[in-house]
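Some notes on the structure that comes next.
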Amino acid sequence: MTSDDLSGLKSEWAASIEGASSLAALEDIRVALLGKKGRVTELMKSLGTMLPEARKERGAALNILKDGIAALIETRQAHLAVGALQEKLAQESVDVTLSARPQSEGRIHPTTQTLEEIITIFASMGFSVAKGPDIETDYYCFEALNFPPDHPARQMQDTFFMPPKDGKPMVLRTQTSAVQIRTMETQKPPIRIIVPGRTYRCDYDQTHTPMFHQFEGLVIDETTHMGHLKGCLLDFLRSFFGIEDLPVRFRPSFFPFTEPSAEIDMGCSRKGGTLKLGNYGDWLEIGGCGMVHPNVLRNCNIDPDKYQGFAFGMGIERMAMLKYGIPDLRTFFESDMRWLKHYGFLPMDTPNPALRA
Ligand code: DAH
């Protein structure tokens with residue numbers, strides 16, 4: 001077979017490649033020519049029987065033929081693929097008038113929801129939001145709040161101790177009260193803040209988790225007194241729980257950073273094993289509060305003879321559990337989607353206390 005024969009074959013095969021009307025037909029041609037038993041492959045095999053000189057020349061010609069055929073197939077393939085896509089696009093169409101399929105919607109976590117409700121109410125009373133770090137110095141978390149190093153009040157707030165930083169002992173903060181100090185160090189009175197945030201303690205049972213959220217309140221001014229504290233918390237709790245005549249009681253207690261200190265109790269009923277908030281004669285504790293201790297003011301360079309104020313702290317999940325009837329604190333942090341679907345809130349469907357009459 002001469003080179004002329006090869007060029008004859010090439011134009012014959014080129015015509016059939018050009019004539020292939022579908023990708024499948026083209027593939028058949030490719031196999032028939034370049035496949036294991038294809039025509040070009042057979043020609044290549046015949047090289048083995050030739051004398052070296054002739055084989056060299058023939059081999060080169062066959063390689064050119066093979067590459068040429070492969071290139072033609074590739075070009076045709078690209079052309080047919082575009083055609084196939086266009087045909088598919090022409091056949092398939094999107095009906096934009098179809099109504100949307102119901103989507104599974106995300107939920108707002110009860111902690112976030114409750115926090116937003118709390119902030120909304122306090123914002124309406126003129127409070128602003130302050131924040132502080134989760135990893136806190138022992139000084140801000142305890143010492144500046146009038147907990148001396150070996151004070152037994154620290155026992156109640158056992159926490160996670162971190163490696164010291166710049167020689168200062170560090171803890172995962174046990175209370176958002178730490179931000180009282182940070183705020184009073186950097187702001188001059190009048191101060192009116194609430195501090196939402198994560199807090200940590202070595203606890204784990206139905207009503208305790210190693211991490212939970214608290215919010216702190218702090219008001220400092222020249223004429224602030226206990227009556228303001230009581231009125232502020234009474235208004236807040238009635239508004240938050242949506243119970244107009246919710247009784248609120250202040251029971252004497254002890255916190256190192258307040259004097260006098262009180263536990264905040266709300267009226268409730270426990271009849272039949274179910275807890276119900278309202279004017280029913282029984283009491284349930286919801287947080288702590290008091291008048292800021294003069295030592296705390298002094299630690300922040302605020303003159304206790306000129307300024308005074310009150311502080312309070314509550315657990316955000318505890319508020320959520322009471323308001324929305326969630327029985328176990330641990331479930332808040334298990335990331336169980338079924339739980340979230342049940343207790344979570346739809347973004348456009350949240351009870352907004354600011355809109356309440
Ligand atoms: N920090 C206290 C705790 O976690 C709660 C608390 C009590 C905060 C009294 C206050 C307060 O601001 O005045 O147990």
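The values are calculated or read from the model by the stated rules, or taken from the named source; none is laboratory data. Just so it is clear, the structure is predicted and the values come from calculations on it, not from any experiment. Every residue, glycine as well, gets a Cβ built from its backbone with ideal geometry; the counts of neighbours run over all protein chains shown. When the accessible area is computed, the model is the full protein with side chains, heavy atoms only, and any ligands, DNA or RNA have been set aside. Shrake-Rupley method; radii C 1.70, N 1.55, O 1.52, S 1.80 Å.
Listing for the model above:
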read-out: Output for segment 78-127, where each listed residue is surrounded by 13 or more Cβ atoms within 10 Å (Cβ to Cβ) and in contact with a strand residue (DSSP E or B) (Cβ under 7 Å, 6 or more places away or on another chain); value: 107, 108, 111, 113, 115, 118, 119, 122, 127
read-out: Residue check, residue 39 modelled with pLDDT of 90 or more, more than 55 Å from the chain's Cα centre (by Cα), under 30 Å from residue 26 (Cβ atoms) and surrounded by 12 or more Cβ atoms within 10 Å (Cβ to Cβ); value: yes
read-out: Residues (in a loop (DSSP other than H, G, I, E, B), under 21 Å from residue 203 (Cα atoms) and without any contact (Cβ under 8 Å) to a residue 60 or more places away in the chain) located in segment 134-163; value: 142, 150, 158, 159, 160
read-out: Single unsatisfied condition, residue 240 versus (1) more than 16 Å from the ligand (Cβ to nearest atom); (2) hydrophobic (A, V, I, L, M, F, W, C); (3) in a strand (DSSP E or B); (4) open to solvent by less than 40 Å² (accessible area, probe 1.4 Å); value: (3)
read-out: Residues of segment 330-350 classified as within 26 Å of residue 270 (Cα to Cα), open to solvent by less than 100 Å² (accessible area, probe 1.4 Å) and either at pLDDT below 95 or of a type outside the set (A, V, I, L, M, F, W, C) (or both), total; value: 4
read-out: Residues of segment 164-190 that turn out to be more than 16 Å from the ligand (Cβ to nearest atom) and in contact (Cβ under 8 Å) with a residue 60 or more places away in the chain, as a count; value: 2
read-out: Output for segment 201-212, where each listed residue is more than 12 Å from the ligand (Cβ to nearest atom), open to solvent by less than 60 Å² (accessible area, probe 1.4 Å) and assigned to a strand (DSSP E or B); value: 211
read-out: Filtered residue count, segment 273-307, keeping only those that are open to solvent by less than 80 Å² (accessible area, probe 1.4 Å) and among the polar types (S, T, N, Q); value: 2
read-out: Flag for residue 215 being in contact with a Pro (Cβ under 7 Å, 6 or more places away or on another chain), open to solvent by less than 10 Å² (accessible area, probe 1.4 Å), within 13 Å of the ligand (Cβ to nearest atom) and not polar (S, T, N, Q); value: yes
read-out: Subset of segment 287-340 [β-branched (Val, Ile, Thr) and away from the ligand (no atom under 14 Å from the Cβ)]; value: 302, 326, 331
read-out: Counted residues, segment 45-77 - those being open to solvent by 100 Å² or more (accessible area, probe 1.4 Å) and assigned to a loop (DSSP other than H, G, I, E, B); value: 1
